[in-house]
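Peer 1: Here it is, the structure in full.
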Amino acid sequence: MYSELPVIPLWVIVFAQTTVGGAMLLTLWRIARGPTVMDRIVALDLFAALIMAQLVTLVLTSGFVSYLNAAAAIAVISFIATVALARYLETQEDAS
């Protein structure tokens, strides 16, 4: 499904994609080097948000709005995963 979107200058979209891509690289570094498990969980949640931002910019360039459905699905899965990991770590701390 395609949509007629407002005209946004191409340089703005390229700048946004480049900025989000750089943030994704820094987030991957935090996931790999995070000093604690909680840091890695927060970085994974941020990485999911950055993927959603890339999908939104992809909608702006292609006009294919079904990518927004993928972004919504990633948001739901990311939320559930973050809550599940936080509860798991909470029970691990209580057991110690």
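The values are calculated or read from the model by the stated rules, or taken from the named source; none is laboratory data. Only a predicted model underlies this, so the values are computations on that prediction, with no experimental measurement involved. Don't worry about glycine lacking a Cβ; one is built from the backbone with ideal geometry, like all the others, and counts go over all protein chains shown.
Peer 1: In segment 36-80, which residues are touching an Asp or Glu at 6+ places or on another chain (Cβ under 9 Å) and more than 19 Å from M24 (Cα to Cα)?
Peer 2: Correct list: G63 only.
Peer 1: Would you check which residues across segment 7-33 are among the polar types (S, T, N, Q) and either over 14 Å from A49 (Cα atoms) or modelled with pLDDT under 95 (or both) and list them?
Peer 2: The answer is T18, and nothing else.
Peer 1: Restricting to segment 1-60, and then to whatever is charged (D, E, K, R) and within 30 Å of Q92 (Cα to Cα), can you tell me which residue is surrounded by the fewest Cβ atoms within 10 Å (Cβ to Cβ)?
Peer 2: Across segment 1-60, the extreme among qualifying residues is R33.
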